[in-house]
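Beneath this line is the structure, given in structure tokens, with notes to follow.
No lab work stands behind these numbers, since they all come straight from the coordinates. The structure presented is a predicted model; accordingly, all values stated were derived computationally and were not measured. No Cβ is skipped: glycine too gets one built from the backbone with ideal geometry, and neighbour counts run over all protein chains shown.
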Protein chains: 2
Amino acid sequence: MDRQEIIELLNLRGIQPSAQRVAIAQLVLGTDEHPTAEQVWQKASESLPVVSRATVYNTLNLLTENGLLRRHALKGVSSVFDGNPEAHHHFVDEETGELRDIPWDALEVSGLETLPDSEITGYMVVVRGRRRNPTTDKIAQRSRKEGAT
Amino acid sequence: MDRQEIIELLNLRGIQPSAQRVAIAQLVLGTDEHPTAEQVWQKASESLPVVSRATVYNTLNLLTENGLLRRHALKGVSSVFDGNPEAHHHFVDEETGELRDIPWDALEVSGLETLPDSEITGYMVVVRGRRRNPTTDKIAQRSRKEGAT
DNA sequence: TTCTAAGTTTAGAATTAGTCTCTCTTGCAT
DNA sequence: ATGCAAGAGAGACTAATTCTAAACTTAGAA
Ligand SMILES: [Mn+2]
Ligand SMILES: [Mn+2]
Ligand SMILES: [Zn+2]
Ligand SMILES: [Zn+2]
């Protein structure tokens, strides 16, 4: 994608296409790698005389909010511990951030055998969404805690 | 799970069952929640006169290495940016940590409609493994970069 | 018992990822 | 020219995690 296309993309969404924003957008929209903010900052530093980390984060967040980018937490430092080491899937509640288990047998994934050149050691479906009926759930939770039936 | 069971689990793997380890293991093996290390530390602090954060991290890592626990990076602070905002799946190379795209149509997930009480906003299959034929791949990559056929 | 080596825990320093705050600059509109 | 308002920058701050080095505990051996 060339500079001009990027500028139009930004203009379309009312984002002022500053030199920094164009350079950063071009870097991350023009690759199929999945760079960390730090990596984007390093590359951006090559083409721009000066960029601060804060600008890189601000721009990446801005582009994400505008749907041009997506942010994945799949590796990286912070994590959560799972007392069930068996294979199972997960539901991430986008409101609370809570992780809930989905039993392995509840979902089926097909097509894995067609992935080229890879030895699979495991997989998991990550479903994102919000719980419906939070009221019912809260009541159920309270009952459990209080030992009520 | 009671204290004694936990102690046996640890002994089985040659892990010396210190008071701290037993308390921490009991906390995290006895819940279907997915606590952060900080949350485990807070709970552990209630039942033990003194525990340091380092012990909690050491123990959680030890239990994870021994397959009693699993560690997920699904929410939390650190992330990676994806220039393709469309729905697709991901392959995580366990050797390099690299994330690679799997096209949406390459995999199919069934059973989602049966998830109770939840409104799904999106989902993704996360496959973990190692690439086979890294040599071939490197050649393929170079060819692509150089515009060779 | 007492000693000792190995294993474990600790507080705090260091590191890494990310956000926040405040200041400085720049591109216009008056 | 003057004055905003939006944007960008530096650096302080926070949070998650690991590292370090010293202190403590334990299981055996003597
Ligand atoms: Mn921001
Ligand atoms: Mn460790
Ligand atoms: Zn789980
Ligand atoms: Zn992707």
Subject >> Neighbourhood charge, 11 Å Cβ-Cβ cut-off, centred on A:Val22 and excluding it, Lys, Arg +1 and Asp, Glu -1 >> reply: -1
Subject >> Helix B:3-12 axis, angle to chain B major axis (alpha carbon atoms, nearest 10°) >> reply: 60
Original post:
What distance in nm separates the simple spin-label points at A:Glu113 and B:Ala54, each placed 7 Å from Cα in the Cβ direction?
Top reply: 5.2
Original post:
Alpha carbon centre of segment A:31-95 versus segment B:104-131: separation in Å?
Top reply: 20
Original post:
Could you give the length gained on full extension between B:Met1 and B:Glu94, defined as 0.36 nm per residue of separation minus the Cα-Cα distance, in nm?
Top reply: 30.3 nm
Original post:
If you take the charge dipole of the protein assembly as shown about its Cα centre, with +1 on Lys and Arg Cβ and -1 on Asp and Glu Cβ, which of B:Leu12, A:Met124, A:Ile15 is farthest toward its positive end?
Top reply: A:Ile15
**OP:** From the P(r) of the protein assembly as shown, can you give the percent of Cα pairs sitting at distances over 23 Å?
**Re:** 65
Original post:
Distances from A:Ala87 to the same residue in each other copy, label points 7 Å out along Cα→Cβ, in nm, shortest first?
Top reply: 2.3
Subject >> Inter-copy spacing of A:Arg71 label points, which lie 7 Å from Cα along Cα→Cβ, given in nm from shortest upward >> reply: 2.2
Original post:
segment B:1-83: Rg/Rh from Cα coordinates, Kirkwood Rh?
Top reply: 1.02
**OP:** For A:Thr121, place a label point 7 Å out from Cα along the Cα→Cβ vector, do the same in each other copy, and report the separations in nm, one decimal, smallest first.
**Re:** 3.2
**OP:** Using the Cα centre as the reference, give the magnitude of the dipole from point charges on the C-beta atoms of segment A:1-104 (Lys, Arg: +1; Asp, Glu: -1; all else neutral), rounded to the nearest 20 debye.
**Re:** 500
Original post:
If each of A:Asn61 and A:Leu12 carries a label point 7 Å out from its Cα toward its Cβ, how far apart are those two points in nm?
Top reply: 2.5
**OP:** Please state the charge dipole magnitude for segment A:45-135, taken about the Cα centre, from unit charges on C-beta atoms (+1 on K and R, -1 on D and E), reported in debye and rounded to the nearest 20.
**Re:** 540
Original post:
Net charge near B:Pro85, counting Lys/Arg +1 and Asp/Glu -1 over other residues with Cβ under 13 Å of its Cβ?
Top reply: -2
Subject >> Exercise: per-residue mean of other protein chain Cβ atoms within 10 Å, B:100-109 >> reply: 4
Original post:
To the nearest 20 debye, what is the magnitude of the charge dipole of the protein assembly as shown about its Cα centre, counting +1 on the Cβ of each Lys and Arg and -1 on the Cβ of each Asp and Glu?
Top reply: 900
Original post:
Relative contact order (percent) for chain B, with alpha-carbon contacts under 8 angstrom and 6 or more residues of separation?
Top reply: 15
Original post:
Across peptide A:16-29, what mean number of C-beta atoms from other chains lies inside 10 Å of a residue's C-beta?
Top reply: 1
Subject >> Ratio Rg/Rh, restricted to chain A and using Cα atoms, in which Rh is the Kirkwood radius >> reply: 1.09
Original post:
To the nearest 0.05, what FRET efficiency results for A:Asp105 and A:Glu38 with a Förster distance of 25 Å applied to their C-beta separation?
Top reply: 0.05
**OP:** Please list, in chain and number order, the residues 5+ apart from A:Glu98 or on another chain whose amide H is under 5 Å from its amide H, with Hs placed from the backbone.
**Re:** A:Asp93
**OP:** Of the DSSP beta bridges with both residues in chain A, give the percent that are antiparallel, rounding to the nearest 5.
**Re:** 50
**OP:** Return a whole-number percent for the relative contact order of segment B:1-83, with Cα pairs under 8 Å and 6 or more residues apart as the contact set.
**Re:** 25
